[in-house]
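Below: one structure, written as structure tokens.
The values are calculated or read from the model by the stated rules, or taken from the named source; none is laboratory data. This structure is a prediction, so every number in the text was calculated from the model and none was measured. When we count neighbours, we look across all protein chains shown, and the Cβ atoms used for this are built from the backbone with ideal geometry, even at glycine. What goes into the accessible areas is simple: the full protein's heavy atoms, side chains included, and nothing from ligands, DNA or RNA. Shrake-Rupley method; radii C 1.70, N 1.55, O 1.52, S 1.80 Å.
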Amino acid sequence: MPIQYVTVYEIAQRTPDWPFACIGLVPLIAGAVIIWGKRRFKWTKPHWLFAAFCCVFGIIWVGGVGSSILSADWQAFTAYQKGEYRTVEGVVSDFHPMPYQGHQDECFSVQDQRFCYSDYEIGPGFHNAASHGGPIRAGLHVRIAYREGRILRLDVAKEQTLTPAQSAAITAEGERQWRQRTENDPVLRRMETAFLFMAVCWTLWWNLQWKRVMRFWLKPPYLPWVEVVFRLFFALNFLGAVFGFVRQLYSHPITKQDIGPTIQIATIMCVVVALMTAYVLWMAQRRDAKTASMRPTN
């Protein structure tokens, strides 16, 4: 009796990667708005260089990355519509699943044809790994239409297809195992604890030096209600950082062997943030001094 197949993927039913391809429109529009505001309303901030960078980055992304992604999608779709592809049928063998967090492709073979893909790649064709609820697994009977190694249509034996509930359960289990490995990784625990400690120190400085910190957003003098809003914002950030740090210590207490490395990482983070903050404030003071020197004297 011939095998009955069910189509689980077809490129004609897939939406092109429009969101990723059009990411460049965000900085491009932002840069255009800033330039318009500086010319129309005489905005002093952000700087012209920032606006120019946004526009250039947006143009390069849309013209380069975006156009290449959409072009590849269109070529694959057109080839499928015209029947310009090859077909292979058989049993999935030499299956190597992709880890839930990625870092390597999922690969398998059908007869002498090898296929590799990943949920984290951008491009045409099938790329739903088993750890993310994908249908491929060892011993599966499949029929594949492909072009240049890209799966354009994937048919799976009807009696071997996964239900939506089974697919969701596989995805949830993969995420659970990944989270468990992450939480048990001592390096990641130290990094997270150090980062939260740095966040507590930084947001505490926000509250102690709130007038200086406000210069990251606004130029003095400040209206009274603006000061109140910012001080409330700084206080909420500090409380959130403290809550996160305490919860981290409660969930993952620091052991004796972790104290030294955690302190070192936290110190490096605090020094880097302090240097970056000092540089920004120094630039702001230098700009204010230059502006004051250019004002006409009576």
Open item on the list: Under 7 Å between Cβ atoms, which residue pairs at least 6 apart in sequence (or on different chains) link something in the range 240-267 that is modelled with pLDDT under 90 with a partner that is open to solvent by 90 Å² or more (accessible area, probe 1.4 Å)?
Closed with: Gln248/Glu192
Open item on the list: So, Phe115, is that one buried (at least 20 other Cβ atoms within 10 Å of the Cβ), under 25 Å from the mean Cα position of the chain (by Cα) and among the aromatic types (Phe, Trp, Tyr) or not?
Closed with: no
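Taking the options Arg150, Arg189, name whichever one is within 28 Å of the chain's Cα centre (by Cα), more than 20 Å from Asp105 (Cβ to Cβ), buried (at least 18 other Cβ atoms within 10 Å of the Cβ) and not β-branched (Val, Ile, Thr).
One residue alone meets the criteria, Arg189.
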Task: Elements of type helices (runs of 4 or more DSSP H) contained in the range 1-97, each with 1 or more residues being modelled with pLDDT of 90 or more and at positive phi - done: none
TODO: Give the range 245-262 a look and list any residue that's over 22 Å from Gln209 (Cα atoms), open to solvent by less than 100 Å² (accessible area, probe 1.4 Å) and part of a helix (DSSP H, G or I), or say none.
DONE: Val246, Gln248, Leu249, Ser251, Asp258, Ile259, Gly260, Pro261, Thr262
TODO: Could you please let me know if Thr171 is assigned to a helix (DSSP H, G or I), touching a helix residue (DSSP H, G or I) at 6+ places or on another chain (Cβ under 9 Å), under 23 Å from His103 (Cβ atoms) and polar (S, T, N, Q)?
DONE: yes
Task: Qualifying residue in the range 98-108 (condition: in contact (Cβ under 8 Å) with a residue 40 or more places away in the chain, in contact with a Ser or Thr (Cβ under 7 Å, 6 or more places away or on another chain), hydroxyl-bearing (Ser, Thr, Tyr) and open to solvent by less than 70 Å² (accessible area, probe 1.4 Å)) - done: yes
Task: Residues of the range 203-230 classified as farther than 26 Å from Phe245 by Cβ, part of a loop (DSSP other than H, G, I, E, B) and free of Cβ contacts under 8 Å to residues at least 40 places away in the same chain, total - done: 5
TODO: For Ala145, state whether it is of a type in the set (Gly, Ala, Ser), open to solvent by less than 20 Å² (accessible area, probe 1.4 Å) and touching a residue at least 60 places away in the same chain (Cβ under 8 Å).
DONE: yes
TODO: Considering every residue within the range 174-184, establish whether at least one is under 21 Å from Ala241 (Cα atoms), out of contact with any His (no Cβ under 8 Å at 6 or more places or on another chain) and of a type in the set (Phe, Trp, Tyr).
DONE: no
- [ ] Being over 16 Å from Gly125 (Cβ atoms) and among the aromatic types (Phe, Trp, Tyr) is the filter here, so list the residues in the range 58-83 that pass it.
- [x] Trp61
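Just need a number here: residues in the range 1-21 that are surrounded by fewer than 16 Cβ atoms within 10 Å (Cβ to Cβ) and of a type outside the set (D, E, K, R).
So the answer is 12.
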Task: Close pairs from the range 160-180: first under 19 Å from Val8 (Cβ atoms), partner aliphatic (A, V, I, L, M), Cβ under 6 Å, at least 6 apart - done: Gln160/Leu140; Thr161/Val6
Task: Scope the range 198-244; condition charged (D, E, K, R) and open to solvent by less than 80 Å² (accessible area, probe 1.4 Å); matching residues - done: Arg215, Glu227
Open item on the list: Among (1) open to solvent by 30 Å² or more (accessible area, probe 1.4 Å); (2) farther than 14 Å from Pro16 by Cβ; (3) touching a residue at least 40 places away in the same chain (Cβ under 8 Å), there is one condition Phe77 misses while meeting the rest; what is its number?
Closed with: (2)
Open item on the list: Going through Arg86, Arg40 one at a time, which residue ends up being within 30 Å of Glu121 (Cβ to Cβ) and open to solvent by 90 Å² or more (accessible area, probe 1.4 Å)?
Closed with: Arg86
